[in-house]
Amino acid sequence: MKRIFGFSFLLLGLALLLGSCAGFRQPAPERIPVYRDVATSGLLRAGAAAVAITPEESVFLGGYGIYRRSEGVHDPLYARALWIQRGAFSVALVSLDIVGLQARDVSRLREKLQGLDPRHLILASTHNHSGPDTLGLWGVPPFISGRSDDYMEILEARVLEAIAKAQAAAVAAETASVAIDVDPRGIMKNLRRPGLVDRELVVLHLRAAGSGKTIATLSELGCHPEVLGPDNQQITSDFPHWLRERVEAELGGVAIHVSGALGGLVTPDVVRQDFAEARRVGREVAAYAIDAVRKLRVYEAEPALAVFHAPLFLENRNWRYSVLRMTGLLERTFYRGGLLQTEVNLWQLGELRIASVPGEITPDLGLRIKDVAGGRPTMLIGLANDELGYLLPGAEFELSIFEYERTLSPSREAGDRILRRFEDLRLLEAQ
């Protein structure tokens, strides 16, 4: 999220009024179960699909300043789905070229899933700043949403279509994964803590068994897709467009990109905020991914496949979130004590672990989660199944460098609680 509003004392008063009604909220559940499921047999099958989600009309754009409307389309936006199956066990991952989704939107979509356990879905946003406002924050907050209900209905239908097409396209497959270090110069930089970035580009490659034909290439990098700055009003998926275009041209199949630990604040390292630089960054990242895939030698046809789905409750200590909820821009339940519910997920696919977090997590916390997850390698997916804003280390929450991020973070404890949840999952796995 970026520069969306400055709240007045009037809004603070509204937050205090809302807080006075907190006694009427329902209590959080006494128990928080962790769901785990494991594939026990069967050969691997996989399919992928890309379905366009480009708005057909002018929309408010998500990110940067308020009341920024689109003027034309530079390149299409997509829902890109990956379906992975062993026997009766299936998972689906969808990457969306949007700024983010609230948990309520994800829940509504899960209710309409067919042929897939809702807990086996990761729905991730790239955090694109040149796509539609899907959170409602970039209209005229706190009373006028920037979100189009008509577009959200179309988006939901297209996501379900992408999952169905990926499932229908599934064939016998084999998988391999790798993590490589990229030189961040000219690709990404940390505006708050120079030099602190997650240099790993993690790549999952799925190919058809026997023929070796690419089914999908999934890449993850911790960098905001925001080469195009606040002056841009054309719809674009930013540098992931050229990344995926080059990967598909060289390797075939469907290219899917997700964003990793980009919070606090990892942004493209560019000399200009224009399409030429977005193309350069995308193609440079693609070159790393293509080279990594071409060096893969060992593929698995019967990989271990498992899912941990772990809800958790976090305290909201941000009065801005309370105002947004009261005015209807933030659609979520607040439980007694200011608690809000979100989730993390941990998947295993062979040697690869895929960890999902519900917001924009900093690189240092992201690297700790990767270490805890225990994969070889571990892919970290941010803005997955929720968007809570910035997730910062508690020990550094009050630093002046994070003054902006604090305005868009639920609490000091949120980032550390998410890390501890992954530690809990590894303990449960060991037992």
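Read-outs: derived from the displayed coordinates by stated rules, not from any lab. The model shown is predicted, which means the values in this text are computed figures rather than measured ones. In this analysis, Cβ positions are derived from the backbone assuming ideal geometry, glycine residues included, and neighbour counts consider all displayed protein chains.
Side notes on the structure shown:
- Nearest-20 debye value, the stretch 344-393 charge dipole, Cβ charges on Lys, Arg, Asp, Glu: 220 debye
- Per-residue ³J(HN,Hα) for the stretch 334-341, Karplus 6.51 cos²θ - 1.76 cosθ + 1.60, θ = phi - 60°, Hz, x for Gly and Pro: 9, 8, 4, x, x, 7, 10, 9
- Along principal axes, Cα extents of the stretch 75-231, largest first, whole Å: 52, 41, 28
- Cβ-Cβ FRET estimate between residue 287 and residue 191, R0 fixed at 35 Å, reported to 0.05: 0.90
- The fewest-to-most ranking of 120, 127 by surrounding Cβ atoms within 10 Å reads 120, 127.
- Full extension of the chain between residue 211 and residue 404 yields a length gain of 64.4 nm, computed as 0.36 nm times the residue separation minus the alpha carbon distance.
- Length available on full extension from residue 426 to residue 35: 0.36 nm per residue minus the Cα-Cα distance, which gives 139.4 nm.
- As a proxy for reagent exposure, ranking 134, 333 by other Cβ atoms within 10 Å from fewest up yields 333, 134.
- Among beta bridges that DSSP assigns inside the chain, antiparallel share in %, nearest 5: 80 percent
- In this simple spin-label approximation, residue 413 and residue 233 carry label points 7 Å from Cα along the Cα→Cβ vector, and these lie 4.5 nm apart.
- Kirkwood hydrodynamic radius of the stretch 54-134, from the reciprocal of the average inverse Cα-Cα distance over all distinct pairs: 14.1 Å.
- Going through (1) -0.30, -0.64, -0.78, -0.94; (2) -0.34, -0.69, -0.83, -0.98; (3) -0.45, -0.84, -0.97, -1.09, the figure that equals log10 I(q)/I(0) by the Debye sum over Cα atoms at q = 0.07, 0.10, 0.11, 0.12 Å⁻¹ as computed for the structure here is (1).
- Ordering 134, 218, 84 by the projection of their Cα atoms onto the charge dipole of the chain, which places +1 on the Cβ of Lys and Arg and -1 on the Cβ of Asp and Glu, puts 84 at the extreme positive end.
- FRET efficiency, 1/(1 + (r/R0)^6) with R0 22 Å, evaluated for residue 333 and residue 150 via beta carbons: 0.30
- MRE, 222 nm, helices only [DSSP H, n ≥ 4, -39500 (n - 2.57), over the chain, to nearest 500]: -8500 deg cm²/dmol
- Packing-based exposure ordering (other Cβ within 10 Å, fewest first) of 152, 188: 152, 188
- Helix 239-251 vs. the chain, principal-axis angle (Cα, 0 to 90°, nearest 10): 10 degrees
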